[in-house]
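Peer 1: Before we start, here is the structure in question, set down as structure tokens.
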Amino acid sequence: MLRDTPNTGLIASVALHASVIAVAWMGVPFLHKTVVETPPVFMEIPVISEVTAAPPPPTPEPIKEPEPVTPTTEQPPAAEAPPSDAMPPPPEKTSPPEEIKKAEVPIVKPPPRKPAPPDTKKRDVAMLQDLLKDMQKNAPKPKPQAESKTTDTAKNLAPTLGERATMTEKDAIVKHIESCWRIDPGTEGVANMAVEARVFLNPDGSVQKFEFVDMARYFVDAQFRTLANSARNAVLGCGKIPMITPANYATFKEMVLNFSPQGRIN
Amino acid sequence: MESTALATVPVVNMSAWALFMQADIIVKAVMIVLAGMSLWSWAIIFDKIFRLRSLFKQAEQFEEKFWSGQSLEDLFERVGQRPREPMATIFTAAMREWRRSSKGGVPVATGTAMLHERIDRVMKISLEREMDHLNRRMIFLASTASASPFLGLFGTVWGIMNTFTAIGASSDTSLATVAPGIAEALFATALGLVAAIPAVIFYNKISSDLSRYALRLENFAGEFGAILSRQLDVKSA
């Protein structure tokens, strides 16, 4: 007639508790979905491997030099090789089309001269030489056009890559902060410690907020506190970070800096 | 060197599972008991709510049939020997007594008043049995509502006692050493309240629903008794 054990009730109760525990475990779903946050940029101070810092400076130079002289052979590798520093090339690559236009202008001018001076052989020779020069200028012309197409594709790629933090910008900021960092190498156990700090920046590059990730250890561990204070002094004492521009502010407004003296003391 | 530096750092993990695992054995036991109480009281809550809803619906249907004008004998045949709900049980009990008395050779002239009384008594007993059945486990809800905050408080007090003992032993009063113990101790009170609050609310709701249902059954029994006594009077007259 009437059930003795509340079976359905027990099942419902277990389901309720399981869902409550699941929510407590994983967090409430779809509650913070509306807020889209850009993840903080993680930086190592100092840069442990020099490889990331070293190559970017030399790469722009070969791009500058070959372009006016012989753009055909050396350009393609330059365009392929550094996809990371897509930011610096575009201004340089935008200039070649202008050069091409300038080169085209003298080509259009010569034809009117042709009928006018049939006077002397010297002039003819000079004309021929001019023509030869023009021909030489004309010869490489189609190739730069093909090149301009590649630069166009590079330009198309540029905004997507530029939205992220480029290695050179990151390295520049790291170098800047590292230059202000004074650590006491005599602190016990300092070589194996690392301080993680979260830095929020203002649009002008000044520090809005500075906090340590591991606050509990800051209170407990005296050596850690010493190191952490040195890191804080480095960031706060450095003043404005000059690398912050309105363009890259969005990516760098929240940074997680990892100060590890290991790379310095050795 | 670095190991000593690391050893002084307490691992602070504030998730619910970590708080439970770090707790003392007695606090752990309190938490387990509270979780079990919460589980069982919710089981009772769900069961009572589902059952009361279906009981009200069944009572509605039975009363509709009862007042539809068909003869009581037909209704008795249809309900059968094993009624499925309290109102039908009361009806069957009264009808069975009626039939037995009329068949069993009790002289009508002497027995009308006694039969009427008997039927009333049978219905009352049946009603009380049914209500007793429905009221089962409500006492668990009531005691969960009143006792689980105290149980949680006991866990908290015990945990804080342990924390202070640990502080005294390590002679370190920094917040980082005190906080985890207190957090884990307070977790027991939180569990106690989590178990108690729904139990209080639903105990009030369910017990008022139950008393409403009991009143409905009593009214039905009274009306049915009146009908039967009228028929008895008609028969004896």
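What follows draws every value from the coordinates through simple rules; no lab data is involved. What you are looking at is a predicted structure, and each value in this text was computed from that prediction instead of being measured. Note: ideal-geometry Cβ built from the backbone for every residue, glycine included; neighbour counts use all protein chains shown.
Peer 1: Going through region A:227-248 one residue at a time, which ones are part of a helix (DSSP H, G or I), in contact (Cβ under 8 Å) with a residue 12 or more places away in the chain and surrounded by fewer than 17 Cβ atoms within 10 Å (Cβ to Cβ)?
Peer 2: Once the filter is applied, which keeps residues that are part of a helix (DSSP H, G or I), in contact (Cβ under 8 Å) with a residue 12 or more places away in the chain and surrounded by fewer than 17 Cβ atoms within 10 Å (Cβ to Cβ), region A:227-248 yields A:233, A:236, A:237.
Peer 1: Quick check, is residue B:70 within 14 Å of chain A (Cβ to nearest Cβ) and of a type in the set (S, T, N, Q)?
Peer 2: Answer is no for this residue.
Peer 1: Just to be sure, is residue B:62 of a type in the set (Phe, Trp, Tyr), more than 14 Å from chain A (Cβ to nearest Cβ) and closer than 30 Å to residue B:202 by Cβ?
Peer 2: Considered against the rule, which asks whether it is of a type in the set (Phe, Trp, Tyr), more than 14 Å from chain A (Cβ to nearest Cβ) and closer than 30 Å to residue B:202 by Cβ, residue B:62 comes out as yes.
Peer 1: Name the residue that is nearest to the chain's Cα centre (by Cα), counting only residues in region A:182-222 that are within 11 Å of residue A:257 (Cβ to Cβ) and within 14 Å of chain B (Cβ to nearest Cβ).
Peer 2: Applying the filter and picking the extreme gives A:196.
Peer 1: In the list B:157, B:200, B:194, B:178, which residue meets the criterion of being in contact (Cβ under 8 Å) with a residue 60 or more places away in the chain, of a type in the set (A, V, I, L, M, F, W, C) and assigned to a helix (DSSP H, G or I)?
Peer 2: B:194
Peer 1: Which residues, counting only those in region B:73-90, are within 14 Å of another protein chain (Cβ to nearest Cβ) and either over 17 Å from residue B:60 (Cα atoms) or in contact with a Pro (Cβ under 7 Å, 6 or more places away or on another chain) (or both)?
Peer 2: B:80, B:81, B:82, B:89
Peer 1: Which one of these does residue A:251 not meet: (1) closer than 14 Å to residue A:41 by Cβ; (2) surrounded by fewer than 17 Cβ atoms within 10 Å (Cβ to Cβ)?
Peer 2: In the conditions (1) closer than 14 Å to residue A:41 by Cβ; (2) surrounded by fewer than 17 Cβ atoms within 10 Å (Cβ to Cβ), residue A:251 misses (2) alone.
Peer 1: Suppose we filter region B:74-90 for residues that are surrounded by 12 or more Cβ atoms within 10 Å (Cβ to Cβ) and outside any loop (DSSP other than H, G, I, E, B); how many remain?
Peer 2: So the count comes out to 8.
Peer 1: Suppose we keep only residues that are farther than 12 Å from residue A:11 by Cα and without any contact (Cβ under 8 Å) to a residue 60 or more places away in the chain within region B:35-52. Which one would you say is farthest from the other protein chains (Cβ to nearest Cβ)?
Peer 2: Within region B:35-52, the match that is farthest from the other protein chains (Cβ to nearest Cβ) is B:36.
Listed here are the residues, each with its yes/no results for (1) away from chain A (no Cβ under 14 Å); (2) in contact with a Leu (Cβ under 9 Å, 6 or more places away or on another chain); (3) farther than 29 Å from residue B:55 by Cβ.
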| position | (1), (2), (3) |
| --- | --- |
| B:148 | yes, yes, no |
| B:161 | yes, no, yes |
| B:168 | yes, no, yes |
| B:174 | no, no, yes |
| B:177 | no, no, yes |
| B:184 | yes, yes, yes |
| B:199 | no, yes, no |
| B:204 | yes, no, no |
